[in-house]
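Asker: Below you will find the structure I want to go over with you.
The values are calculated or read from the model by the stated rules, or taken from the named source; none is laboratory data. Worth saying up front: this structure is predicted, and the values here are computed from it rather than measured. Because the Cβ atoms are built from the backbone with ideal geometry, glycine has one as well, and the counts that use them run over all protein chains shown. These accessible areas exclude ligands, DNA and RNA; they are computed on the full protein's heavy atoms, side chains included. Shrake-Rupley method; radii C 1.70, N 1.55, O 1.52, S 1.80 Å.
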Amino acid sequence: QVQLVESGGGLVQPGGSLTLSCAASGSIARSAMGWYRQASGKEREFVASISWSGGSRSYADSVTGRFTISRDNAKNTVYLQMNSLNLEDTAVYYCSVRVNGMSYWGKGTLVTVSS
């Protein structure tokens, strides 16, 4: 059984920065991990993903150049460094991992960008 717990969300002003963390418990079997977000009234969307080794990373066009995904496998934790935040980044952010064909999701952490 895999459990994911996100943290680090909060209220930030436009142009500010936040770093989200996602701690995984259980075996994630050298899996890639990803961040997704869901704004109020919208569908959940992909934000970023990272391979087990960290050598392969992907980003949504809307966050490229502003967000950086990283991971610490010794801590079973994946991070999302978010810079130059804007109002459109307001959402609940979720991390996810797919293990043996099954997708696991955390409960999310709320990021609110507001002046």
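Asker: Quick check for you: with a 1.4 Å probe and neighbouring chains kept, what is the accessible area per residue of the range 33-89, in Å²?
Answerer: With the other protein chains kept in place, the range 33-89 gives 54 Å² per residue.
Asker: With a point put 7 Å past each Cα toward its Cβ, work out how far ARG98 is from LYS75 in nm, to one decimal.
Answerer: 2.7 nm
Asker: If packing is taken as the average count of other Cβ atoms within 10 Å, what order do 108-115, 51-58, 92-99 fall into, highest mean first?
Answerer: 92-99, 108-115, 51-58
Asker: I've got another one for you. Can you give the FRET efficiency to the nearest 0.05 for SER84 and SER40, using r as the Cβ-Cβ distance and R₀ = 22 Å? Walk me through the numbers before you get to the answer.
Answerer: On the way: r = 22 Å, r/R0 = 0.98.
Efficiency at R0 = 22 Å is approximately 0.55.
Asker: Roll a 1.4 angstrom probe over the protein heavy atoms and tell me the percent of accessible area of the range 13-115 that is carbon or sulfur.
Answerer: 47 percent
Asker: Quick check for me: using +1 on Lys/Arg Cβ and -1 on Asp/Glu Cβ, what's the dipole size of the chain about its Cα centre, in debye to the nearest 20?
Answerer: Taking the Cα centre of the chain as origin, the dipole is about 300 debye.
Asker: Of GLN13, GLN38, ALA23, which is farthest along the charge dipole of the range 1-81 in the positive direction, counting Lys and Arg as +1 and Asp and Glu as -1 at C-beta?
Answerer: Going by the charge dipole, the pick is ALA23.
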